[in-house]
Structures are given as C-alpha cells and as structure tokens.
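Let me begin by presenting the structure, written as structure tokens, before commenting on it.
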Amino acid sequence: LHRQDLHVEAQEYYRRATAFFEQSGPPVATALCYYNLANTQVQLFRFGEAGETYAKARKIFEEHQQSLHATGCLYGLAWLHMLQGEFHVALNELAECERTYREGENDRELVLCQLDQAETYLSLNLLQYARRTAEAAVLGAARLGIGYERAKGLFFAGVASLQLGQTKEAQRALLAARSVFEQEHNDGF
C-alpha cells in the first residue's frame, strides 16, 4: 500500500495490527506496528502524531535491547525533523544513527544515513560537508551495488560542487547521476 501511495489504507491496517498486538502480542511486535504507523503518519503530514509514535516504538525497542530497531526509530525522527526544517536537530540524530550503523557494520543503513546527512548539509548551505558526505555515500553505494543510492549521492555531490563553483566536478557528478537514474527508470528524482 505504501508503494501505491495508499497511506490512509496502510495506516488503518497498522492501527488494527497495533491494537491486536497491544492486547495479546509480544511488545516488540507492537513496537514494529508503531514504527510503521509512524511512517504512514509522516506521509499524511501528521507530524506531531508521527513523532509521538516513533518515540513510543523507540522506547519499547530500547527496553527489549533491540538497538537496531531503536536506531530505525531515531532515523525516522531525523527524517521527520528534516521535513520540518529542523536541520540541526536532524543532524544530531543522524550522527547518532551513523555511529550505531558503523559499529554494527550495517553498510546499507550507513549509506542511507550519509545521504540524509548530505541533504541536510545542503539545506544548511554547509557545502564542503555536503560534498564530502555525499562522496562517501557514493563509494559505499558502489561497493554495495545499490544504484539509486549511488545516483542520489552523485546528485548531492554535484549540487554541492556546483554551488562551490567547481563546475567540472559538478558536471561530471550530475551527468553520472542522470545516467544512473535513467538506468533505474527513476525520472521523478
């Protein structure tokens, strides 16, 4: 339902699942429902509810020593703060997520985190940080063979380079990003 942009319908399923697991299920299952419910609330611009729901899920995950799931909730909060323009808060949360992903050797999540950090740095006009972070994400994505993420990193690196006046680097990165996006059939980005 998420991929079809049927977020209202998805939210209803998550609400029902949450109610069921709150009554009879293991707490971690309830927390997973909260996490997914929060994701739908963000998509529906119910930011206050989403923040509360992510926090509930994170608390349960932490109580049950589910650090990666708890970090996923923190990542969701960072995403929420990015969408609301609270970039400094998001950067602090993303730094904590990055630390956890590095320690746990969760390379894919690390790349995703770096991409959001690069985007946040761009939003704050911290262009050198944006370019370096995007370039690190590009390398990680290339190692993992994840094309969309590689293209997104190239795009962010290109935008930062362009704003820094480094036109050759910008052109190279943006052309490479466009090529990968076309291969991935992602015209929207």
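The values are calculated or read from the model by the stated rules, or taken from the named source; none is laboratory data. Because the structure is predicted, anything quoted here is derived from the model rather than measured. Virtual Cβ from ideal backbone geometry, glycine too; neighbours counted across all protein chains shown. Just so you know, the surface numbers come from the protein's heavy atoms only, side chains and all, with ligands and any DNA or RNA stripped out. Shrake-Rupley method; radii C 1.70, N 1.55, O 1.52, S 1.80 Å.
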Quick check: anything in segment 20-29 open to solvent by less than 30 Å² (accessible area, probe 1.4 Å), aliphatic (A, V, I, L, M) and part of a helix (DSSP H, G or I)? yes
Of the residues in segment 87-113, those that are open to solvent by less than 50 Å² (accessible area, probe 1.4 Å), outside any helix (DSSP H, G or I) and of a type outside the set (Gly, Ala, Ser) come to ASN106
The lone condition THR71 fails out of (1) among the hydroxyl-bearing types (Ser, Thr, Tyr); (2) at pLDDT 95 or above; (3) open to solvent by 60 Å² or more (accessible area, probe 1.4 Å) is (3)
Exactly one of LEU110, LEU154, LEU83 is on the phi < 0 side of the Ramachandran plot and over 13 Å from the mean Cα position of the chain (by Cα), and that residue is LEU154
By residue number, the members of segment 147-166 that are at pLDDT 95 or above and either touching a Ser or Thr at 6+ places or on another chain (Cβ under 6 Å) or surrounded by fewer than 21 Cβ atoms within 10 Å (Cβ to Cβ) (or both) are LEU162, GLN163, LEU164, GLY165, GLN166
Item to check | Hey, VAL42 in contact (Cβ under 8 Å) with a residue 12 or more places away in the chain and more than 18 Å from the chain's Cα centre (by Cα) or not | outcome: no
